[in-house]
Amino acid sequence: MQRKDFIKLSSLGFLGLYSCGISNVSRKKPLAVQLYTIRDAVSENPEKALEKLAALGFTELEIYGYNGTFFGKNKAEFQAILKQTGLKVISSHHTTGTIYKDKGTLLYGWEKSVEDLHFIGSKYMVCSYLFPEERTVENYKKLPELFGKAAETTKKAGIQFAYHNHDFEFEELEDHKSVYDFILENTSPELVKMELDLYWISKAGLDPLAYFEKYPGRFPLWHVKDMKAGTNKFTEIGNGIINFKRIFEAKEKAGLKYWFLEQDSSDKDIFDSIAISKKYILDHSYFK
């Protein structure tokens, strides 16, 4: 789709396919989404998937899966899709390379990864996940050094490094300290920030505000997704039990810069779920 055609379709209400329409022009904060939310659509056709997000009113992305290419596209091709759809990449997810020695990981081709992410304008690069085989005391103890080296490389390109949590990081290591606290206490507050996933910390039974108080300014990125009552399953923002108002009121203490809507799975068409979450976000001013 050519950019002029995309703009024309948008202006004609292309988004009538979706219940929430186009973005609220008075909104101060852009709408951002973690692309993993629509991974099936991305796998099928990255360009069309991004067009759908743009038509829904999203302007910022966090991407995943860089492996020397962006969803099979080289950096120039992917940048062209971004320009065509009006989307910006704010952040990118990467794994360590400890178990799966793939390109685009912290241990394999990291400098090239940083170069390519810098080319498309990303502000953050995030270690997104530790595979089950990595979750040993021996590997945990190596993380501060690994993250520090990765962060030194990103810093040279003007990109901030961060770590994204699930719930296993809140399990205790030695000395009754969690993996999450171990990382926070043994990395540079300037070099290594945290991307706080509000669903996973809630599932672990911990309070985000307690971490904001203990480590102020360390949480510039958040994943915003909700938890269904009674089942702990993923659900649309506003349809679950997480008190986002309380958390967002502490955003300055946290050091929040960007947050991304994410929904790992849905019992609906995922674009319908995104539309439901978007409506709730636009209806509640504390998300701005």
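Just so you know, all these numbers are worked out from the coordinates, no wet-lab data involved. On a predicted model such as this, the values are computed, not experimentally measured, just so you know. Backbone-built Cβ (ideal geometry, glycine too); neighbour counts: all protein chains shown.
Pairs over the 18 Å Cα-Cα cut-off, from the set LYS83/LYS278; LYS29/LYS251; LYS203/LYS228; LYS29/LYS75; LYS88/LYS149: LYS83/LYS278; LYS29/LYS75; LYS88/LYS149.
Note on the chain: helix-only mean residue ellipticity at 222 nm, from DSSP H runs of 4+ residues weighted -39500 (n - 2.57) and normalised by residue number, equals -10500 deg cm²/dmol. Computed from Cα positions, the angle between helix 110-119 and the longest principal axis of the chain comes to roughly 30 degrees. A Gaussian network model of the chain, with springs between Cα atoms under 10 Å, assigns the largest mean-square fluctuation among LYS52, LYS156, LYS193 to LYS156. With a simple spin-label model that places each label point 7 Å from the Cα along the Cα-to-Cβ direction, the separation between LYS48 and GLU138 comes to 4.7 nm. Against the main long axis of the alpha-carbon atoms of the chain, helix 75-85 sits at an angle near 50°.
Summary of the geometry: segment 188-232 and segment 92-166, compared by the centres of their Cα atoms, lie 19 Å apart.
Normalised by residue count, segment 28-287 yields a Cα convex hull volume of 123 Å³ per residue. Against the main long axis of the alpha-carbon atoms of the chain, helix 137-156 sits at an angle near 50°.
Put a dot 7 Å past the Cα of ASN239, heading toward its Cβ, do the same for SER285, and the two dots end up 2.7 nm apart.
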